[in-house]
Amino acid sequence: MNDEEQFAENLRAQVARVAPRIDVDVARVVPAARRHRAVRAGGVGLALALTLGGGAWAATTLEPGTVLPGGSTTMPVEPSPSPTGPPRTSSEGDPLPELPTYPALEPVVPPHGWREATYFHVVTRGAPGQAGAGSEAEAPLGSELGSESWYGDGVSFELTAQGPALMHLGDHINIEGHARSYSWAAMAALPTEPDALHDALLAHYDDVDAPSSHGMEQLRDVAARLATQAPAAPELRAAAWELLTDLDGVEVEQGVRDSEDRRGTAATYQYGDDDRMRTVIYDETRNLPLETRDTKHGTDIYLTTELTRLPDAVADSAIEIPDLTAMTREDVEVVCLQKHLACSFEEQRSDTVPDGTVLSSDPAQGALVTWGAPVTIVLSTGP
């Protein structure tokens, strides 16, 4: 799916939240000359079956005062501002994708204390690889592409050329390429002794006492990803690396230099088809991943992999839905304009809430949304 098709799909989903029966001619809405997002060759793919962050557009296309199905009406909202100045780069100075990898289609309900929580901060530099024999070669990017993300328990952010974008990892982390997913609590509970970690991981894929070749392939790869991509504590990362380098089918080489001329130890193993190989270069002294080379998906250079606090500027990029209950419509309209929310209003009878005041909002208080997100406000009509 190209950028125009992805944009149109997101647009349909946003409009459907506000007015499910409105037909949108996306050919008129989506500019044909919309800039293409750079394709990321590899990257830190922590979560695949997850809804990640993005912009908001659709609700701003409805005229103020439009009567929607069910009798609700819309109010005006400012369009998201055009970026000023040069595009954002990663903290290492690399160009970033213009659009989020996976635009958010739903609000994110963060856990309590999400601003003060610990996040897995990852900065990578990617370069395209050559596809294996018999498969279609990947198009060159023209320049190395950066990636910078903060992965948290329930709420995450990705930095784009336009600024921070809200993501949503939900309750589980999917190690890329594997059916097994881990909650953050389950990740923290994994053994940090290599033999125990071996049994705990293999049990999800195969018979521990008599593993098959497929089970061992999965074990090698999940150990490599725990040592590089996952928000693992330093002790778990060290155990995963020790496990990887001790497995059958893994070739270990000392004193290898990565693309940044950093010295480390390389672990190479076959994954998937016969001509696909992966090499992980690791700094055993500092217990840090340096690089992953994949003959199919290219090279990921790990510049930062740390557990840290979320920067205020990143957290502030999300809009938090305030408590609107008991407000009048006039007060809510002011809040919606201040928060850059595309609010629509519906009415419902209530024996307890006075006429003209707010019964509820959807999304509810505390949800995180992006600029221009649709919010449905239900007003009481009294008894």
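The values are calculated or read from the model by the stated rules, or taken from the named source; none is laboratory data. Here the structure is a predicted model, which is why all the values come from computation and not from measurement. Note: ideal-geometry Cβ built from the backbone for every residue, glycine included; neighbour counts use all protein chains shown.
Going through region 202-217 one residue at a time, which ones are surrounded by 15 or more Cβ atoms within 10 Å (Cβ to Cβ) and either touching a Gly at 6+ places or on another chain (Cβ under 8 Å) or assigned to a helix (DSSP H, G or I) (or both)?
L202, Y205, D206, G215, M216, E217
Does H178 count as farther than 30 Å from D316 by Cβ, at pLDDT below 55, within 18 Å of the chain's Cα centre (by Cα) and not aromatic (F, W, Y)?
Against the criterion (farther than 30 Å from D316 by Cβ, at pLDDT below 55, within 18 Å of the chain's Cα centre (by Cα) and not aromatic (F, W, Y)), H178 qualifies.
Give region 296-315 a look and list any residue that's over 17 Å from the mean Cα position of the chain (by Cα) and either among the small types (G, A, S) or part of a loop (DSSP other than H, G, I, E, B) (or both), or say none.
Hits for region 296-315 are K296, H297, G298, A313.
The rows are residues; the columns are (1) within 31 Å of the chain's Cα centre (by Cα); (2) not small (G, A, S).
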{"residue": "L341", "(1), (2)": "yes, yes"}
{"residue": "D351", "(1), (2)": "no, yes"}
{"residue": "D355", "(1), (2)": "no, yes"}
{"residue": "A373", "(1), (2)": "yes, no"}
{"residue": "I377", "(1), (2)": "yes, yes"}
{"residue": "T381", "(1), (2)": "no, yes"}
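Output the residues belonging to region 149-161 that are touching a residue at least 60 places away in the same chain (Cβ under 8 Å) and either part of a strand (DSSP E or B) or of a type in the set (D, E) (or both).
S149, W150, Y151, S156, F157, E158, L159, T160 - these are the residues of region 149-161 that are touching a residue at least 60 places away in the same chain (Cβ under 8 Å) and either part of a strand (DSSP E or B) or of a type in the set (D, E) (or both).
Among the numbered criteria (1) within 23 Å of Y151 (Cβ to Cβ); (2) surrounded by fewer than 21 Cβ atoms within 10 Å (Cβ to Cβ); (3) touching a helix residue (DSSP H, G or I) at 6+ places or on another chain (Cβ under 9 Å); (4) not β-branched (V, I, T), which one does R225 miss?
(2)
Could you grab me the full set of residues in region 209-262 that are of a type in the set (K, R) and touching a strand residue (DSSP E or B) at 6+ places or on another chain (Cβ under 7 Å)?
Once the filter is applied, which keeps residues that are of a type in the set (K, R) and touching a strand residue (DSSP E or B) at 6+ places or on another chain (Cβ under 7 Å), region 209-262 yields R220, R257, R262.
Are any residues in region 278-290 among the basic types (K, R) and assigned to a strand (DSSP E or B), and if so, which ones?
We begin by selecting, within region 278-290, every residue among the basic types (K, R); these are 278, 286.
Across region 278-290, the qualifying residue is only R278.
Taking the condition of being of a type outside the set (G, A, S) and over 30 Å from G163 (Cβ atoms), how many residues in region 346-383 meet it? Full working, then the answer.
Taking region 346-383 and keeping what is of a type outside the set (G, A, S), we get 346-349, 351-355, 357-359, 362-363, 365, 368-371, 374-379, 381, 383.
When the remaining residues are screened for being over 30 Å from G163 (Cβ atoms), the result is 346-349, 351-355, 357-359, 378-379, 381, 383.
Here the count works out to 16.
Any residue in region 182-201 that is part of a strand (DSSP E or B), surrounded by 18 or more Cβ atoms within 10 Å (Cβ to Cβ) and either modelled with pLDDT of 85 or more or touching a strand residue (DSSP E or B) at 6+ places or on another chain (Cβ under 6 Å) (or both)?
Yes, region 182-201 contains a residue that is part of a strand (DSSP E or B), surrounded by 18 or more Cβ atoms within 10 Å (Cβ to Cβ) and either modelled with pLDDT of 85 or more or touching a strand residue (DSSP E or B) at 6+ places or on another chain (Cβ under 6 Å) (or both).
Looking only at region 315-326, how many residues end up being farther than 26 Å from L379 by Cβ, surrounded by fewer than 20 Cβ atoms within 10 Å (Cβ to Cβ) and either aliphatic (A, V, I, L, M) or in contact with a Gly (Cβ under 9 Å, 6 or more places away or on another chain) (or both)?
Residues flagged as farther than 26 Å from L379 by Cβ, surrounded by fewer than 20 Cβ atoms within 10 Å (Cβ to Cβ) and either aliphatic (A, V, I, L, M) or in contact with a Gly (Cβ under 9 Å, 6 or more places away or on another chain) (or both) within region 315-326 amount to 1.
Answer yes or no: is there a residue in region 260-283 that is charged (D, E, K, R), at pLDDT 90 or above and on the phi > 0 side of the Ramachandran plot.
yes
Could you give every pair whose Cβ atoms fall below 8 Å, whose first residue belongs to region 102-128 and is in contact (Cβ under 8 Å) with a residue 40 or more places away in the chain and assigned to a loop (DSSP other than H, G, I, E, B), and whose second residue is charged (D, E, K, R) and buried (at least 20 other Cβ atoms within 10 Å of the Cβ), counting only separations of at least 6 or pairs across chains?
These pairs meet every condition: P111/D153; A117/D153.
Among the residues that make up region 230-248, is at least one of them hydroxyl-bearing (S, T, Y) and in contact with a Pro (Cβ under 7 Å, 6 or more places away or on another chain)? Before you say what the answer is, go through the steps one by one.
To start, the set of residues in region 230-248 that are hydroxyl-bearing (S, T, Y) comprises 245.
From the residues that got through so far, the ones that are in contact with a Pro (Cβ under 7 Å, 6 or more places away or on another chain) too are none.
Looking through region 230-248, none of the residues is hydroxyl-bearing (S, T, Y) and in contact with a Pro (Cβ under 7 Å, 6 or more places away or on another chain).
Going by the structure shown, is L368 modelled with pLDDT under 95 and surrounded by 22 or more Cβ atoms within 10 Å (Cβ to Cβ)?
no
With respect to the numbered conditions (1) touching a residue at least 60 places away in the same chain (Cβ under 8 Å); (2) among the basic types (K, R); (3) part of a loop (DSSP other than H, G, I, E, B), which one is the sole condition not fulfilled by R293?
(3)
With more than 18 Å from D221 (Cα to Cα) and in contact with a His (Cβ under 9 Å, 6 or more places away or on another chain) as the only criterion, which of L303, L310, L324 stands out?
Only one candidate passes the filter, namely L310.
Keeping to region 218-275, report how many residues are of a type outside the set (D, E) and either in a loop (DSSP other than H, G, I, E, B) or under 12 Å from P289 (Cα atoms) (or both). Give the steps one after another, and end with the answer.
Start the filter on region 218-275 by keeping residues that are of a type outside the set (D, E), which leaves 218-220, 222-234, 236-241, 243-245, 247, 249-250, 252, 254-257, 259, 262-272.
From the residues that got through so far, the ones that are either in a loop (DSSP other than H, G, I, E, B) or under 12 Å from P289 (Cα atoms) (or both) too are 224-234, 237-238, 240-241, 247, 249-250, 259, 262-267, 271-272.
So the answer is 27.
Cβ-Cβ under 9 Å, sequence separation 6+ or interchain: first residue in region 181-207 and under 18 Å from Q218 (Cα atoms), partner surrounded by fewer than 18 Cβ atoms within 10 Å (Cβ to Cβ) and of a type in the set (V, I, T). Which pairs?
H198/V208; D199/V208; L202/V208
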